[in-house]
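S.K.: I have a structure I would like to understand better, so I am pasting it below and will then ask my questions one at a time.
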Amino acid sequence: MEQRTLGRTGRLVSVVGLGTWQLGADWGDVSESDARAVLETAAEEGVTFYDTADVYGDGRSEQIVGRFLADHADAGFTVATKMGRRAEQLPENYTPDNFRAWVDRSRRNLGVDTLDLVQLHCPPSAVIDDDATYDALDALVAGGSLAAYGVSVETAAQALSAIARPGVASVQIILNAFRLKPLDEVLPAAEAAGVGIIARVPLASGLLSGRYDATTTFADDDHRTYNRDGSAFDIGETFSGVDFETGVAAAQEFAALVPEGLTPAQAAIAWVWQQPGVSTVIPGARNVDQSRSNAAAGQAGPLGEEVEEGVHRIYDQRFRAAVHERW
């Protein structure tokens, strides 16, 4: 699988990584043995980048990834975690003391002295815009607790603010065939500044897998049920911020564009990493088959102009009016 430099970290990472929110079992049960099998399969298929967070399963995801990392100590993997959601999302909670406590907890969970990359976990805009935020993060780098830091964001404006900071190594943002706004300014700005782009939610909460129809339901503890109105966290994290029926119809149109030899999910993942400026894309996987299929998308050939034009047509018709100005 192609390896790209992850911005100012200087690290080479696979163009398809693995997101591990689901391994925390916050939404649907995933046993530790199944979680480990997902990680091992990803590694076998060439995945070298793993993204987690301190709140995924209240640390369970970090701990599972940490045990996996210990068994592959010489593999050259990069593990990114996130911090900032262990307290209420208020600017006054983003203090140097809290940063230190959160970082130290993640170091213990992951079993490492120095974290490869720590990302602020979708903090308020005031935190992203505050000089004190970066002073505190720089101090942690200087002290050896983390090698690099980045910001996970919800909006293009937040991404551009973070990219302008000289110490920010990477920005994580939602980018998929139904969420195109980052293409306008964020990706070009990041590429010009040497900041890595970690693309999350590449399947638009599973819509782009092509497996759902209007009758599909999800468990009560699945964010695709409880966050459809954005009551738990930003609505853009769930179905790209549109109603489920609109998303299903758009997914059916996308599936019709998919080249022979690829599944809709693989085409959707490949579309993301083939965008200029993207360092890596982090689909999740709940089982070995999904893990293997996602990784295979990292070896897909160019999707071509027909797919690109179709993606923009679908976005303009079904998503632009609903979401473009919001994020």
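The values are calculated or read from the model by the stated rules, or taken from the named source; none is laboratory data. All values derive from a computational prediction rather than experimental measurement. With ideal geometry, Cβ positions are generated from the backbone for all residues, glycine too; neighbour counts draw on all protein chains shown. Keep in mind that these areas ignore ligands, DNA and RNA; they rest on the heavy atoms of the full protein, side chains included. Shrake-Rupley method; radii C 1.70, N 1.55, O 1.52, S 1.80 Å.
S.K.: Which residue, of Ser279, Ser291, Ser231, is of a type in the set (Ser, Thr, Tyr) and open to solvent by 50 Å² or more (accessible area, probe 1.4 Å)?
M.R.: Ser231
S.K.: Only one of Val30, Val47 is in contact with a strand residue (DSSP E or B) (Cβ under 9 Å, 6 or more places away or on another chain) and either of a type outside the set (Ser, Thr, Tyr) or within 30 Å of Pro302 (Cα to Cα) (or both). Can you tell me which?
M.R.: Step by step, each of Val30, Val47 is checked, and only Val47 is in contact with a strand residue (DSSP E or B) (Cβ under 9 Å, 6 or more places away or on another chain) and either of a type outside the set (Ser, Thr, Tyr) or within 30 Å of Pro302 (Cα to Cα) (or both).
S.K.: Hey, another quick one. If the requirement is being in contact with a Ser or Thr (Cβ under 9 Å, 6 or more places away or on another chain), surrounded by 16 or more Cβ atoms within 10 Å (Cβ to Cβ) and farther than 16 Å from Arg292 by Cβ, which of these qualifies: Glu62, Glu45?
M.R.: Among Glu62, Glu45, only Glu62 is in contact with a Ser or Thr (Cβ under 9 Å, 6 or more places away or on another chain), surrounded by 16 or more Cβ atoms within 10 Å (Cβ to Cβ) and farther than 16 Å from Arg292 by Cβ.
S.K.: Could you say whether any residue in segment 217-237 is at pLDDT 80 or above and not β-branched (Val, Ile, Thr)?
M.R.: yes
A quick yes/no check of all residues on (1) at positive phi; (2) in contact (Cβ under 8 Å) with a residue 40 or more places away in the chain; (3) not in a helix (DSSP H, G or I):
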| residue | (1), (2), (3) |
| --- | --- |
| Asp34 | no, yes, no |
| Ala37 | no, yes, no |
| Gly57 | yes, no, no |
| Ala73 | no, no, yes |
| Thr81 | no, no, yes |
| Glu92 | no, no, no |
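S.K.: Can you say whether Thr133 is buried (at least 17 other Cβ atoms within 10 Å of the Cβ) and within 22 Å of Arg320 (Cα to Cα), as far as the supplied structure shows?
M.R.: Answer is no for this residue.
S.K.: Working only within segment 104-130, note down all residues that are assigned to a loop (DSSP other than H, G, I, E, B) and free of Cβ contacts under 8 Å to residues at least 60 places away in the same chain.
M.R.: Gly111, Val112, Asp113, Thr114, Pro123, Pro124, Asp129, Asp130
S.K.: Step by step: first the residues of segment 243-272, then only those that are open to solvent by 20 Å² or more (accessible area, probe 1.4 Å) and closer than 22 Å to Glu154 by Cβ, then the one that is farthest from the chain's Cα centre (by Cα). Which residue is that?
M.R.: Thr246
S.K.: Related question: Quick one: which helices (runs of 4 or more DSSP H) lie wholly within segment 250-327 and hold at least 3 residues that are at pLDDT below 95?
M.R.: In segment 250-327, 305-318, 320-323 are the helices (runs of 4 or more DSSP H) which contain 3 or more residues that are at pLDDT below 95.
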